[in-house]
Amino acid sequence: MIFAIDAGNTHIVLGCMEGDSLLFTARIHTDRAKTADEYALIFRNLCDLHQIDRGQIEGAILSCVVSELTHALCRAVEIVIHRKALVVGAGIKTGLNIKIDDPGQLGADLVVGAVAATDKYPKPLIIFDMGTANTMSVIDRQGRFLGGAILAGLRLSVDSLSSGTSQLPRIQLSVPPKVVCSNTVECMQSGALYGHAAMLDGLIDRVEAELGEKMAAVVATGGLASMVVPLCRREISVEEDLMLQGLRLIYDKNH
């Protein structure tokens with residue numbers, strides 16, 4: 001049994017895994033001000049809540065894009081399970097063939113998502129991770145990580161629109177009844193959700209044109225993927241636990 005943690009800018013997703021089985025998963029807010037002891041208390045309580053015997057956890061693995069939190073999260077893991085966490089980064093075996101200009105610049109989250117998707121899906125493929133930032137990763141037929149694109153995430157885009165204008169309110173993200181709406185809130189919801197869906201469709205079309213072949217699979221993960229993907233016209237598989245599955249694969253490659 002291993003403890004897997006994927007720390008993003010907005011949320012930390014964590015869970016315990018035994019082989020391919022996910023025993024539990026939880027999502028908590030990323031808080032840069034929390035100490036190792038505070039995170040340890042959260043981790044311990046979640047394990048107790050889901051009746052996980054912490055003495056049976058053999059190890060842990062962490063992917064973190066918030067560099068100032070890496071030490072606190074590693075220390076929290078050590079407090080809870082009395083073992084050091086493996087941190088995804090330089091020197092870690094992933095099996096991923098990275099073909100970008102500087103492989104050292106590739107974020108841990110993109111590495112983890114690509115490892116999981118290439119293990120499960122045929123290639124060539126595209127991986128969308130929809131969080132604070134939206135990322136697109138492209139894997140070619142030979143399994144090489146070619147690169148991708150980075151753009152503002154759905155919530156960040158909507159909040160920027162509200163804060164940067166004098167008359168547009170902060171809105172809840174929910175799907176409006178139609179694309180052409182007749183009030184301000186629904187117009188903003190339409191632009192955000194249908195706009196992001198059209199963006200995913202358009203990016204897939206452009207990647208296929210650039211590579212000269214159809215994608216064998218397109219995968220989406222992240223907290224907002226399940227809201228946007230149903231609005232897309234292209235076939236996209238939603239994998240809510242893609243990052244945890246990728247962390248398990250990387251852990252196995254290093255033990």
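Computed from the coordinates by the stated procedures, all read-outs in this text should not be read as laboratory data. Please read these numbers as outputs of a predicted model, since none were measured by experiment. Note that we place each Cβ from the backbone using ideal geometry, even for glycine, and neighbour counts take in every protein chain shown.
Give the residue list of trypsin sites (Lys or Arg not before Pro) in the range 67-117 that are DSSP loop and have at most 15 other beta-carbon atoms within 10 angstrom.
Numbers: sites: 75, 83, 84, 93, 99; in loops: 83, 84, 93, 99.
Qualifying residues, ordered by number: 83, 84, 93, 99.
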Could you list which residues have their amide H under 5 Å from that of residue 24, counting only those 5 or more apart in sequence or on another chain, with H placed in the peptide plane?
16
Helix 154-163 sits off the longest principal axis of the Cα atoms of the chain, rounded to the nearest 10 on a 0 to 90 degree scale, by 60 degrees
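222 nm [θ] for the chain, helices only, -39500 (n - 2.57) per DSSP H run of 4+, per residue, to 500?
On the way: 7 runs with 93 residues, N = 255.
Using -39500 (n - 2.57) per qualifying helix, the result is -11500 deg cm²/dmol.
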What share of the DSSP beta bridges in the range 117-255 is antiparallel, in percent to the nearest 5?
65 percent
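Length gain on complete extension for the stretch residue 93 to residue 163, per 0.36 nm per residue less the alpha carbon to alpha carbon distance?
20.9 nm
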Classify the range 55-168 as rounded, prolate or oblate, taking a ≥ b ≥ c as the square roots of the eigenvalues of its Cα gyration tensor: rounded when a/c is under 1.5, otherwise prolate if a/b is larger than b/c and oblate if not.
oblate
What is the distance in Å between the Cα centroid of the range 183-235 and that of the range 50-105?
30 Å
Could you check what % of the DSSP bridge pairs in the chain are antiparallel, to the nearest 5?
60 percent
Cα axis of helix 70-81 to longest principal axis of the chain: angle in degrees, 0 to 90, nearest 10?
50 degrees
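Mind ranking 116-124, 174-182 by how tightly packed they are, going by the mean number of other C-beta atoms within 10 angstrom, highest first?
Working: 116-124: 18.6, 174-182: 12.4.
The most tightly packed comes first, giving 116-124, 174-182.
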Just to verify a number: FRET efficiency for residue 173 and residue 32, C-beta to C-beta distance, R0 = 35 Å, to 0.05?
0.90
Measuring from the longest principal axis of the C-alpha atoms of the chain, the long axis of helix 184-211 (C-alpha) lies at a number of degrees, nearest 10, equal to 80 degrees
Per its Cα gyration tensor (rounded if a/c is under 1.5, else prolate when a/b beats b/c, else oblate), the chain is best filed as oblate
What length, rounded to one decimal in nm, is gained on full extension from residue 184 through to residue 151, with 0.36 nm per residue of separation minus their alpha-carbon distance?
9.4 nm
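Taking a ≥ b ≥ c as the square roots of the Cα gyration tensor eigenvalues, with a/c under 1.5 meaning rounded and otherwise prolate when a/b beats b/c, else oblate, which class fits the range 113-213? It would help to have the intermediate numbers written out before the result.
Numbers: a/c = 2.88, a/b = 2.31, b/c = 1.25.
The shape class here is prolate.
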If the reach is capped at under 24 angstrom between alpha carbons, list the lysines near residue 253, excluding any in the same chain fewer than eight residues apart.
84, 93, 99, 120, 123
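What percent do you get for the relative contact order of the chain when only Cα pairs under 8 Å and 6+ apart count? Present the calculation step by step, with values, prior to reporting the outcome.
On the way: 446 pairs, mean separation 46.9, N = 255.
It rounds to 18 percent for the chain.
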